[in-house]
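Worksheet: the structure to be examined is printed underneath.
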Amino acid sequence: MAFLDRVLDPPSYGYLRDQKLYVPARAEIFWEFFTRLNILNSRKNWLPLFSWIIVLCFAPFFFLFIFKYFTWRLFIIAFLYSMVILGTHGTIYLHRYSTHHAFTFANRFWLFIVRNMVVKLIPEEVYVVSHHVHHYLSEKPGDPYNVYGGWLYCFLADVNHQSIARDLSREEYFKTAALVSHTGMGLNSYEQYQNWGSIAHPVRTVFQFVSNWIFWFGAFYLMGGMPLAVAIFGASAFWAVGVRTFNYDGHGGGKDKRKEGVDFNRADLSINQLWPGLVTGEWHNNHHLYPNGIRAGFLPYQWDYAWLFIEFYKFIGGIDRTRDYKKQFMANHYEPYLKQKGMAKTASGIA
């Protein structure tokens with residue numbers, strides 16, 4: 001069995017029935033969700049619980065903004081922060097760096113700046129390990145957010161399917177921990193892992209998150225008073241929920257929505273969507289084609305703010321190595337497509 005086949009803790013309903021993907025009923029998904037949030041049942045449930053405590057902590061700011069501080073000016077600012085800044089940062093830090101090693105920082109100072117450049121919302125461990133499995137088993141049983149499992153299956157995946165296995169050997173644990181060791185999050189010893197069921201330690205994790213929140217709430221308060229701070233933190237809650245819906249939509253909702261001349265990766269159902277692409281640089285089909293590259297926007301209309309930031313950070317010395325696959329994409333996919341399209345038009349004209 002390959003390492004990534006067992007690195008995650010499988011749900012009680014499993015992934016397979018009769019050698020096919022098992023799609024649990026809604027009741028089964030909710031039962032699994034609340035069972036895995038039960039810290040009284042096992043302290044090893046702390047990380048999934050913490051992931052949703054984060055959402056609950058930010059939710060009051062959302063309602064306070066809506067019912068007390070709402071203005072259209074603040075709405076636009078909060079909307080841009082949530083959709084563009086938080087989304088682009090997720091693409092840069094969690095996706096391209098933490099998971100895929102598309103680039104490396106010059107030193108830990110530059111990493112620290114980017115790691116804390118926005119309000120922190122997602123623990124690295126929850127995102128990174130499971131995302132490796134997603135690429136390894138995309139749309140197959142064991143994919144933690146398999147689009148064929150349905151919307152709810154994907155939406156609650158961070159609790160139901162994304163925790164690391166709790167019975168890893170010492171060797172397997174350190175191999176798993178190596179997947180996030182470069183992020184600066186701090187790693188449990190094997191004995192601590194056996195106690196907490198995670199790579200991250202709860203005390204260290206809570207300290208890192210709360211410190212980040214205090215800094216950013218204070219910074220926004222100084223910039224625009226309580227209304228701005230509340231608006232930004234409320235928008236952060238909106239993004240924290242919305243990001244959990246992305247993979248289902250990014251894989252066409254389980255239907256083949258790939259378009260000729262747009263989606264060149266045919267190994268899975270991932271698609272290039274205009275909205276996520278234009279606001280965060282997440283052209284998902286391109287990403288699945290070249291997952292460890294610093295950009296996913298290859299064509300003129302495919303804006304990629306994440307790539308622009310990475311190039312800027314490299315220019316000022318914060319990044320020293322990058323991997324860019326635009327030339328390969330153009331040579332191996334887009335130019336052959338244009339050539340074939342031109343030949344087809346010529347043949348049509350002759351006929």
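Values quoted throughout were computed directly from the atomic coordinates according to the rules given, and no laboratory measurement underlies them. This one's a predicted model, so the numbers in the text were calculated from it and none came from an experiment. No Cβ is skipped: glycine too gets one built from the backbone with ideal geometry, and neighbour counts run over all protein chains shown.
Quick one: order V55, V129, V203 by neighbouring beta-carbon count within 10 Å, fewest to most.
Details: V55 16, V129 24, V203 9.
Arranged by neighbour count, lowest to highest, V55, V129, V203 become V203, V55, V129.
Fewest to most neighbouring Cβ within 10 Å: what's the order for R258, R295?
On the way: R258 17, R295 26.
So the residues, fewest neighbours to most, are R258, R295.
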If you average the C-alpha positions of the stretch 273-315 and of the stretch 1-55 separately, how far apart do those two centres end up, in angstrom?
31
What distance in nm separates the simple spin-label points at R73 and V23, each placed 7 Å from Cα in the Cβ direction?
4.9
What size of dipole, in debye to the nearest 20, comes out for the stretch 3-322 about its Cα centre when the only charges are +1 on Lys and Arg C-beta atoms and -1 on Asp and Glu C-beta atoms?
460
Relative exposure of K20, K314, judged by other C-beta atoms within 10 Å (fewest first):
K20, K314
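Just how many % of Cα pairs in the chain lie over 40 Å apart, if you round to the nearest whole percent?
On the way: 8592 of 61425 pairs.
Value for the chain: 14 percent of Cα pairs lie more than 40 Å apart.
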For K44, go through the lysines and keep the ones whose alpha-carbon is under 29 Å away, minus same-chain ones fewer than eight residues off.
K120, K140, K175
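Run the numbers on the chain and let me know its relative contact order in percent, using alpha-carbon pairs under 8 Å that are six or more apart. Could you put the intermediate results ahead of the total?
Details: 492 pairs, mean separation 83.0, N = 351.
Once divided by the residue count of the chain, the mean separation gives 24 percent.
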When Lys and Arg each count +1 and Asp and Glu each count -1, what net charge do the other residues less than 9 Å away from W196, Cβ to Cβ, add up to?
+2
Using the Kyte-Doolittle scale, which helices in the chain average at least 0.0 and also have C-alpha atoms spread 20 Å or more along the helix axis, with helices defined as whole DSSP H runs?
46-64, 202-242
